[in-house]
Amino acid sequence: MKAPSSDPTDLLADVLSKKAGGFVELRYHKKRTRSIAVEKGRVDSAQISEHTGVGVRVLEDGTFGFASTDRTEPASIAGAIDAARSAARASARARTDRCPPLPPAPLARGRFDSPGVDELLAQPIERTLEMVLRLEAQARGSSTAIQSAACAYSEVFEEKGIVTSDGAKAWTRLVRPEFRVSAVAQRDGEIQRGVETVGATGGWDCLFRRAGPEALAEKAAARAVDLLSAGYPEGGRVKVLLSPALVGILTHEAVGHTVEADFVQAGSVAAGKLGQRVASERITLCDSGASELLPGAGGSLAVDDEGLPAGRTEIIRDGILVSYLHDRESAARFGVAPTGNARAWEYDHSPLIRMRNTYIAPGDASLDEMIASIEDGYLLDGAANGQADSNGEFMFGTREAWRITHGQRGPLLRGVNISGQAFEVLRSVERVGREFRWDLGAGHCGKGQPAKVDAGGPWLLCTVVLGGR
Amino acid sequence: MATAAAPAIDRFDPAAAERDLLARCERLLERALALGADEAEACAAGWRSIAVRFEKGDLKLAQVDRSSTLGLRVFRGGRLGFSSTNQGGDPALEGCARDAIALSGFAPPDAHNVLPRARPQAPGLALVNPAVADLPIDRAVDIGRAFVELARSADKRLSIDSAGVDTTSVARAIATSRGVRASESDAQVSLSVFGMAIDGPEVGGFHYTGDSVRRLADLDRAADAAAREFASVALGNLGARPAESYTGPVLFAPDAFLEVFVSPLVSAASAIAVQRGRSALAGRIGEAIAATDLSILDDPSDRSLAGATAFDREGQPCGRFAIVERGVLRSFLYNAYAAAVEGRESTGHARGSPRSVPGLGAHAIAVAPGRGGHRANLERALDRGLYVQRFSGTVDPASGDFSGVAKSARWIEGGVVAGPVRETLIGGNVFALLPQIIALSSASERCMGEALVPFALVDGVAVTAG
């Protein structure tokens with residue numbers, strides 16, 4: 001494994017000093033990915049990719065311009081500054097509402113290392129490959145009904161140097177490992193799949209903090225087989241007990257996107273609702289660059305891509321909407337402090353307002369108490385994909401469901417999609433569990449460019465629309 | 001690391017770009033073979049792009065980029081290794097070759113890890129129009145501003161969250177130790193708009209649309225169509241009410257039909273999915289799997305579609321390819337690996353960028369129009385039920401189970417649109433419902449410039465109203 005790069009911020013600061021004038025933001029970004037994918041005993045992918053460059057954003061004539069270069073010597077970075085300024089000048093006439101100079105902000109300076117980088121840098125890839133091959137074979141061999149299995153592991157090492165003309169000078173390093181195992185079972189022409197995924201920011205102790213890789217492989221295979229004989233839930237508006245993974249996707253998709261300030265400015269359902277009750281008083285919902293409550297959340301970052309410390313933001317406090325998520329520009333327009341939510345996927349992406357780790361704070365109910373309190377409803381688990389709409393309507397997929405009648409959990413049913421109005425669902429919350437988990441660290445959030453995020457929370461008793469058969 | 005500074009915004013010269021990429025591929029290939037690879041494949045892409053972004057109807061940002069990336073796949077004793085880099089200098093190429101070779105020391109051998117032989121290349125598709133390739137940034141800004149004005153001019157209740165104009169000029173090249181040498185260039189300009197309608201306290205569901213073209217002469221038509229669709233659907237989303245639950249016929253707009261039915265079917269037609277036991281289409285070549293109206297082509301020779309190309313990710317020629325003809329499954333899709341498993345030749349369906357190992361998939365899907373007439377005819381045939389314009393949900397291509405929200409959905413009553421509906425979920429199984437296609441419209445529509453798909457009326461869909 002290659003040694004880490006040296007601090008790039010001195011070089012960036014030197015270039016910036018020679019190209020001074022107006023607001024300039026330089027972001028060096030090196031991304032090195034190691035990944036392995038195995039299916040049915042065959043190595044589909046064993047790869048290393050390394051992509052490095054510098055993104056340049058300028059504010060000129062009240063307009064942002066952006067350019068990037070995949071060359072990291074001073075002359076190329078200086079050329080990219082010129083290109084960004086040209087882009088800003090060429091487009092300024094089309095901008096009606098000029099962006100005022102960005103207000104001063106508490107910008108980050110120094111070195112910020114996340115845990116796990118050195119541990120995973122030292123990990124031989126052959127050991128990882130052996131693990132992936134072994135777990136795929138374990139999943140495939142666990143039942144005669146299993147037709148195929150797949151297992152994949154990836155780790156992304158990121159180094160960023162952010163220097164701005166108004167004082168940021170930060171060098172950050174982090175690693176995000178991700179593990180996925182799936183099994184496909186078949187019987188009488190029926191095919192079902194079981195999937196387990198985990199993702200973290202940090203080392204393997206964070207990645208496998210809830211279950212070891214062997215247990216995840218066993219669970220995926222067992223779930224594929226069990227689903228072959230599972231029925232479907234009945235559709236309709238029903239009381240449900242959402243698992244922490246599903247609470248995570250609810251907070252991210254149904255609420256988080258609607259409070260991103262760029263979406264708020266366009267008129268999302270959260271616009272104009274600051275200070276209003278939008279949820280049950282049992283609900284406190286936050287977004288944080290840190291891994292609150294438990295270590296290793298997959299969207300953790302110390303400094304955002306505008307050079308701001310990525311702190312914790314309360315979005316809903318005791319049911320009242322108290323904040324949106326901001327970058328520097330939107331914060332200036334709203335007259336509030338930026339929240340450290342500007343993020344860019346690679347060096348050639350301009351920062352956008354994105355979530356980090358989004359969660360509902362735990363309450364005091366146990367899972368057993370919550371199940372016992374349900375006369376007729378469902379317990380849902382296993383997050384699939386999700387999407388939210390401007391009107392607050394959301395949908396997300398679940399992998400598994402169990403009917404609950406008279407406080408008793410019934411047999412496994414197939415997961416279906418659920419939908420509802422975000423704030424209506426949050427107002428319908430009757431109980432909040434005390435067990436907390438981060439459970440959305442694998443995969444990406446998409447908003448023009450991908451972003452690694454995490455989300456989670458406790459078990460939650462609420463009402464949604466269930467798509468049945 | 002190279003020593004010359006990148007010019008700010010310069011012209012795109014396809015021939016020079018392809019020569020440069022091929023030369024870098026050759027250098028990478030040479031290094032891989034010198035380091036011990038039995039076989040090696042170097043693939044490269046280089047591009048120049050301009051992006052103009054609008055938010056809330058106003059210009060947000062203009063961006064210019066120029067970059068390239070190279071990927072190297074090696075086989076040693078049947079063992080796979082892959083590495084990629086975006087750095088063009090010799091030290092970076094050396095590092096890339098060493099990473100791939102090192103990885104190939106660890107994977108277990110697989111006899112099907114082979115590179116395809118060189119085959120005669122089809123004539124180039126002439127995908128570069130200089131007016132698009134060298135579009136100046138101020139012209140892109142003008143195009144974007146006019147498009148945004150057009151999109152929101154229909155009604156003051158329309159709110160544009162984001163819109164954009166992107167021009168990308170790209171060169172691609174591939175060189176392998178089995179003699180494959182191929183290169184081509186492409187230039188496209190794409191438009192996109194995302195937003196909703198807001199009427200007092202009511203916020204309608206969002207809609208997004210767009211298109212991608214290769215001739216400036218096609219841009220006005222594309223912009224006009226996208227703006228009209230955006231305004232019509234976003235405004236139509238206001239005033240949504242609950243629908244009714246039932247199981248029966250549902251009308252799908254082209255985007256929804258593509259996402260729920262066509263894309264999962266094409267995924268299941270991947271030979272690798274079949275070989276690995278995760279396709280419901282295994283063993284069904286020559287069988288009727290859908291209603292006789294359904295024919296699906298992969299047509300990368302169609303220059304009107306974004307995925308047009310003369311060769312695939314492994315340098316194999318590709319052209320019109322029938323997947324389903326009049327409801328009968330005709331062929332699976334093969335890349336070199338899947339072909340080697342069955343001792344046959346690739347069908348030219350290796351996909352992906354130089355940043356990863358080649359995958360497998362279709363390039364440019366074209367679903368043949370049916371005989372159902374215009375959309376209004378299909379609404380009359382439905383008489384009473386749900387019309388889905390967009391699908392937000394999950395489709396498992398292995399089982400075919402789908403479940404999700406019907407977005408921008410309308411209730412059809414008496415054969416005409418009665419109004420929008422909300423919180424309505426649909427579910428079913430793709431493979432069980434394909435034979436229940438009642439009718440396809442008589443024209444196929446462009447889906448974001450990437451596919452041609454008709455409207456479809458499908459029976460047996462479970463509709464759950466909230």
Open item on the list: Just to verify a number: FRET efficiency for B:Arg117 and B:Asp155, C-beta to C-beta distance, R0 = 41 Å, to 0.05?
Closed with: 0.10
TODO: Calculate, for B:Ala418 and A:Asp364, the FRET efficiency according to 1/(1 + (r/R0)^6) with r their C-beta to C-beta distance and R0 45 Å; round to the nearest 0.05.
DONE: 0.45
Task: B:Ala432 versus B:Ala322: modelled label distance in nm, points set 7 Å from Cα along the beta carbon direction - done: 3.0 nm
Task: Karplus-derived HN-Hα couplings along the range A:31-37 (A = 6.51, B = -1.76, C = 1.60, θ = phi - 60°), whole Hz, x at Gly and Pro - done: 10, 10, 10, 10, 9, 9, 9
TODO: Report ³J(HN,Hα) in whole Hz for each residue of the range B:91-100, in order, from the Karplus equation J = 6.51 cos²θ - 1.76 cosθ + 1.60 where θ = phi - 60°; Gly and Pro get x.
DONE: x, 5, 5, 4, x, 4, 5, 5, 4, 5
Task: Value at 222 nm in deg cm²/dmol, rounded to 500, when DSSP H runs of n ≥ 4 in the protein assembly as shown each add -39,500 (n - 2.57) - done: -6500 deg cm²/dmol
Task: Area projected by the alpha carbon convex hull of the range B:81-207, averaged over all directions, nm² - done: 14.3 nm²
- [ ] First select every other residue whose beta carbon is under 13 angstrom from the beta carbon of A:Cys286; then total the charges, Lys and Arg +1, Asp and Glu -1.
- [x] -2
TODO: Could you check what % of the DSSP bridge pairs in the protein assembly as shown are antiparallel, to the nearest 5?
DONE: 85 percent
Open item on the list: If I take R0 = 45 Å and measure r between the Cβ atoms of A:Thr405 and A:Phe334 in this structure, what FRET efficiency does the formula 1/(1 + (r/R0)^6) give, to the nearest 0.05?
Closed with: 0.40
Open item on the list: Rounding to the nearest 10 and keeping the result within 0 to 90°, find how far the Cα-based axis of helix A:213-228 lies from the longest principal axis of chain A.
Closed with: 50 degrees
Task: Sequence of A:Thr96, B:Thr167, A:Thr251 once ranked by neighbouring C-beta atoms within 10 Å, starting from the fewest - done: A:Thr96, B:Thr167, A:Thr251
TODO: Could you work out how far apart the two model spin labels at B:Glu26 and B:Arg330 are, taking each label as a point 7 Å from the Cα in the direction of the beta carbon, and quote it in nm?
DONE: 3.9 nm
- [ ] Name the residues whose placed amide hydrogens come within less than 5 Å of the amide hydrogen of A:Val429, ignoring near sequence neighbours (fewer than 5 apart) on the same chain.
- [x] A:Ser280
Open item on the list: For chain A, take the longest principal axis of its alpha carbons; what is the angle in degrees between that and the long axis of helix A:74-92, to the nearest 10 within 0 to 90?
Closed with: 80 degrees
Open item on the list: Could you give me D for chain B, from Stokes-Einstein at 10 °C and 1.306 mPa s, where the hydrodynamic radius is the Kirkwood radius over C-alpha pairs? Units µm² s⁻¹, please.
Closed with: 66 µm²/s
- [ ] Grab the Cα-Cα distance for A:Arg109 and A:Arg317, subtract it from 0.36 nm times how many residues apart they are, and report the gain in nm with one decimal.
- [x] 71.8 nm
- [ ] For the range B:44-49, just list the computed ³J(HN,Hα) in residue order, Karplus coefficients 6.51, -1.76 and 1.60, θ = phi - 60°, integers in Hz, with x standing in for Gly and Pro.
- [x] 9, 9, x, 9, 10, 9
Open item on the list: I'd like to know which of A:Val278, B:Gly144, A:Thr463 lies farthest towards the positive end of the charge dipole of the protein assembly as shown, counting +1 on Cβ of Lys and Arg and -1 on Cβ of Asp and Glu.
Closed with: B:Gly144
- [ ] Calculate, axis by axis, the spread of Cα positions in the range A:351-469 along the three principal axes, and write the results as whole Å, longest axis first.
- [x] 50, 34, 26
Task: Cα-based shape type of the range A:270-344, given that a ≥ b ≥ c are square roots of the gyration tensor eigenvalues and the cut on a/c is 1.5 - done: oblate
Open item on the list: Under 20 °C and 1.002 mPa s, how fast does the protein assembly as shown diffuse according to Stokes-Einstein, given a Kirkwood radius computed over C-alpha pairs? Answer in µm²/s, whole number.
Closed with: 75 µm²/s
Task: Rh by Kirkwood over Cα pairs, then Stokes-Einstein D for the range B:348-466 at 1.306 mPa s and 10 °C, µm²/s - done: 100 µm²/s
- [ ] Based on alpha-carbon positions alone, could you give the equivalent ellipsoid semi-axes of chain A from the gyration tensor, as √(5λ), descending, whole Å?
- [x] 40, 29, 17
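All of the numbers you see were taken from the coordinates with simple rules; none came from a lab. What you see is a predicted model; the values in this text were computed from it and never measured. Positions of Cβ are backbone-derived with ideal geometry, glycine not excepted, and every protein chain shown enters the neighbour counts.
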